Amino acid sequence: MKRIYLDHSATTPVDPKVLRAMKPYFTADFGNASSLHSFGQKARAGVEKAREQVAKFLECESKEVIFTSGATESNNLALFGLVRRARALDLKRKVHVITSAIEHPAVLEVCRELKKEEVEVTYLPVSRAGLVRLEDVKKAIRPETILISIMYVNNEVGTIQPIQEISQIIKEVNAGRGKEDKIYFHTDAVQAANFCDCRVDWLGVDMLSLSAHKIYGPKGTGVLFIKSGTPLLPIIFGGHQERGIRSGTENVAGIVGMGRAVEMLTDKNEIKKINANIKKLRDKLVGEILKKIPSAILNGDLKQRVPGNANFCFKNVEGESILLMLDMEGIAVSTGSACSSGSLEPSHVLTAMGVSPEVTHGSVRVTFGKDNSREDVERLLKVLPGIVARLRKMSPIKK
Amino acid sequence: MSQVIYSKEVIKHFKSPHNQGVIKNPTVVGESGNPLCGDMMKLYLKIDKKKVGGKEVDYIKDIKFETLGCAAAIATSSMITDLVKGQPLEVAAKVTKANIAESLGGLPPIKLHCSVLAVEALHDAIKKLKK
């Protein structure tokens, strides 16, 4: 049985070209990038090339690119780093941070930790379509607001947040403020990189997080773009790597892989082709599922959304059961059901969008990647309606 | 996310649950769970009398379940029907969530509460019978 992978928002396979670029750095060019000898120089060259590749994609300076262990660390560094720096001179300074209710846990959990450091946090609500509203951003800004962190693309429903517009609001507020009271803008662009324009000046962000393993690179490598002049304290201390902002021996092979993966994203024609195909597959799936499965719901705005994402709710079925039955057919998807979350809480994203809990339990996310084909969608369409019908038949709730 | 890895037995029962469905004229129906929490269960019981050690007792002649829930909820539903079918009510009432989990080759810690669902549905049925 051919296995079909439709969970690209969870992670992607490493592209063979990326793997090829990485390989020498495990063995022949294994040096420590901080060493002065030729082994170290080779490794250093690999790291710096990757930095330039990322800088080219973001259209920033290469010194503004900091490599991390992944986007979770990037987000931690952005939020903790900025808040702690703001308080470095005045520990009692009142600090306010704005984020959205639909952020990834790598931002939400950081905010929860910040709360313990007496930081006030506003979680912006979202519309039914899964989008942050600009008037809510405006209303939330206070004199003590120093940081706004809004994800570029939501990982569960794929909605594209109005980053440029939020940046414009912040710019206007900042025009009336001194440098010390400036609001900085961070975006978690992990789910955006494959599909959206990530040029940082165009977006108007001060910090931006990326992850390698969502863009056909390796796990364990990420980036935080930090615009020059953004005041930040490190959160990891040690050997002063990455200009002292992120200590720790560079994950050279991983960083090289990240650079190569990002480089592939700068091939605009190729990306356009890949995404047009992905969109075709996604649109076919959405159209057919809504037609074939009774009371199926599509979650999230269909227009302000990346082409790779489809997120459905099937009433009176539980998502984990669907996931496992699909897995038995060799098809991999994910779910926002409480039963699979570990916390036994249903998806915080769908909940914030106003989807009722009994419906949220039946949520299924399908995310496409560049290797998916029409046959993959057809296989899914062939088995999913039967699985939902079978589970509904098992359910005590009859419609 | 916590790791949820199911035993072979759980997957077996999830794939092909035993005694799934409804009994047309049940003696009693036990219910548990709540759709808000994502799981809900109904147990249909047919009670009859049989002689055990010269004494006439009520026993579960037939049992079927309907469940809305995850793999653990479905597997525990299936397992409780196996454990109590043909058993005197008094014996069935003593089945615990630990018995169910054990018979399934264990449940992931986060899923242990699913076995409560099955026991609660059975207890609900027995309570209704006593009324």
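Suppose the chain between A:A88 and A:N269 were pulled fully straight at 0.36 nm per residue; how much longer would it get relative to their current alpha carbon spacing?
Details: separation 181, 0.36 × 181 = 65.16 nm, distance 4.63 nm.
Working it through step by step, the gained length comes to 60.5 nm.
Given the options A:H96, A:A21, A:A33, identify the residue whose Cα lies farthest towards the positive end of the charge dipole of region A:1-113 (+1 on Cβ of Lys, Arg; -1 on Cβ of Asp, Glu).
Ranked along the dipole, the leading option is A:A33.
How high is the relative contact order of chain A, given as a whole-number percent (alpha carbon pairs under 8 Å, six or more residues apart)? Could you put the intermediate results ahead of the total?
On the way: 791 pairs, mean separation 89.0, N = 399.
Relative CO of chain A lands at 22 percent.
Taking θ as phi - 60°, what are the ³J(HN,Hα) couplings along region B:82-89 by the Karplus curve (6.51, -1.76, 1.60), each to the nearest whole Hz, with x for Gly and Pro?
Values per residue, Gly and Pro as x: 4, 5, 10, 4, x, 8, x, 3 Hz.
Amide H of B:Q20: which non-local residues (sequence gap of 5 or more, or other chain) have their own amide H closer than 5 Å, using H built in the peptide plane?
Residues meeting the criterion, in which the H sits 1.01 Å from N, are B:F65.
All other residues with a Cβ under 12 Å from the Cβ of A:Y123 taken together, and with Lys, Arg as +1 and Asp, Glu as -1, what is their net charge?
Values: positive: A:R112, A:K115; negative: A:E103, A:E120, A:D136.
Net local charge, A:Y123 excluded: -1.
With loop defined by DSSP as not H, G, I, E or B, and exposure as at most 16 other Cβ atoms within 10 Å, which is the longest segment of chain A clear of exposed chymotrypsin sites (Phe, Trp or Tyr not before Pro)? Working shown, then result.
Numbers: sites that count: A:F26, A:F30, A:F237.
After excluding every exposed loop site, the longest remaining stretch is A:31-236.
Output wanted: per-residue J couplings in Hz (rounded whole) for region A:243-257, from phi through Karplus 6.51 cos²θ - 1.76 cosθ + 1.60, θ = phi - 60°, x for Gly and Pro.
6, x, 7, 9, 6, x, 3, 4, 7, 4, 4, x, 5, 4, x
For region A:218-278 and region A:57-119, write down the distance between their C-alpha centroids in whole Å.
For region A:218-278 versus region A:57-119, the Cα centre distance is 17 Å.
In deg cm²/dmol, rounded to 500, what helix-only [θ] at 222 nm does chain A give when every DSSP H run of at least 4 residues adds -39500 (n - 2.57) and the total is split over its residues? If you can, show how the numbers build up before the last one.
On the way: 13 runs with 159 residues, N = 399.
Counting only the DSSP helices, I get -12500 deg cm²/dmol.
State, as an integer percentage, the relative contact order of region A:183-314 based on alpha-carbon contacts under 8 Å between residues 6 or more apart.
On the way: 157 pairs, mean separation 23.8, N = 132.
After rounding, I find 18 percent.
About the Cα centre of chain A, what is the dipole size in debye to 20, counting +1 per Lys and Arg Cβ and -1 per Asp and Glu Cβ, all else neutral?
Dipole magnitude for chain A comes out near 740 debye.
Using only atoms on other chains, find how many Cβ atoms lie within 10 Å of each Cβ of peptide A:318-325 and report the average. All intermediate terms of the calculation are to be shown ahead of the outcome.
Numbers: counts 11, 2, 10, 9, 1, 2, 9, 3.
So the per-residue partner count for this stretch is 6.
Using amide H atoms built 1.01 Å from N in the peptide plane, name the residues 5+ places from A:T68, or on other chains, whose amide H lies under 5 Å from its own.
Amide H neighbours of A:T68, under 5 Å, 5+ apart: A:G222, A:V223, A:L224.
In nm, what is the difference between 0.36 nm times the number of residues separating A:E172 and A:R390 and their Cα-Cα distance? It would help to have the intermediate numbers written out before the result.
On the way: separation 218, 0.36 × 218 = 78.48 nm, distance 5.51 nm.
Roughly 73.0 nm would be gained on extension.
Report the label-to-label distance for A:S62 and B:V91 in nanometres (one decimal), using points 7 Å from each Cα along the Cα→Cβ vector.
Simple spin-label model gives 7.7 nm for this pair.
Let me have the relative contact order for region B:1-117, percent, based on Cα pairs under 8 Å that are six or more residues apart. Let's see the in-between values first.
Working: 210 pairs, mean separation 34.4, N = 117.
Relative contact order of region B:1-117: 29 percent.
5 Å is the cut-off here: which amide hydrogens, built 1.01 Å from N in the peptide plane, fall below it relative to A:A33, excluding neighbours closer than 5 in sequence?
Under 5 Å from the amide H of A:A33 lie the amide H atoms of A:E250, each far enough along the sequence or on another chain.
Coordinate-derived values only; no laboratory data. Please read all numbers here as calculations on a predicted model, not as lab measurements. Cβ: placed from backbone, ideal geometry, glycine included. Neighbour counts: every protein chain shown.
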